[in-house]
1. Taking the Cα atoms only, what angle lies between the long axis of helix 87-107 and the longest principal axis of the chain, rounded to 10 degrees?
2. For H70, H39, what's the largest-to-smallest order of accessible area, 1.4 Å probe?
3. Determine the order of Y33, Y14 by accessible area, beginning with the largest, at a probe radius of 1.4 Å.
4. As I understand it, the value is the acute angle between the Cα axis of helix 56-75 and the longest principal axis of the Cα atoms of the chain; what does it come to in degrees, rounded to 10?
5. Compare T45, T37 by solvent-accessible area with a 1.4 Å probe and give them largest first, with all protein chains kept in place.
6. For S82, what accessible surface area do you get with a 1.4 Å probe? Give it in Å², rounded to 10.
7. In whole Å, what is the distance between the alpha-carbon centres of segment 1-39 and segment 87-114?
8. Tell me, what % of the accessible area of segment 29-114 is carbon and sulfur with a 1.4 angstrom probe?
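The values are calculated or read from the model by the stated rules, or taken from the named source; none is laboratory data. Worth saying up front: this structure is predicted, and the values here are computed from it rather than measured. Note: ideal-geometry Cβ built from the backbone for every residue, glycine included; neighbour counts use all protein chains shown. What goes into the accessible areas is simple: the full protein's heavy atoms, side chains included, and nothing from ligands, DNA or RNA. Shrake-Rupley method; radii C 1.70, N 1.55, O 1.52, S 1.80 Å.
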Amino acid sequence: MKLLAIVEVLGANYDILESTESEDADLEGIEGYCDHTVHRIVINTFEPGDGNYADLDAFRQRIVRHELIHAFLAESGLAEDSWASNEEIVDWIARQFPKMLEAFKHAGALEEER
């Protein structure tokens with residue numbers, strides 16, 4: 001496993017790791033997962049030519065965003081709520097967040113960093 005980052009999610013530090021299916025059986029057949037019980041996000045290692053997207057960096061970023069959304073929902077106490085565990089809405093937020101962030105910035109709807 002390779003540590004990619006440690007990210008604070010509502011007061012909890014989450015390790016973001018990259019691993020292979022042979023190192024982590026929980027990755028078998030999936031792109032990544034969030035285990036809020038141990039504050040860990042793990043994404044699968046993808047290599048060029050594995051039949052994945054041509055832009056692997058963008059693909060990895062989307063997976064990390066998706067799993068971070070799960071972490072935020074879990075740390076908000078929503079891990080077990082039916083809508084919060086819905087993969088479709090989590091993926092929608094992860095895919096649209098960069099556009100939402102840009103719109104918030106353009107509208108002046110974010111607090112300035114201090």
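1. It works out to around 40 degrees.
2. H39, H70
3. I get Y33, Y14, largest accessible area first.
4. 70
5. Values: T45 40, T37 105 Å².
Of T45, T37, the descending order of accessible area is T37, T45.
6. It works out to around 100 Å².
7. First find each Cα centre; the distance between them is then 23 Å.
8. On the way: 3050 of 5830 Å².
Carbon and sulfur together cover 52 percent of it.
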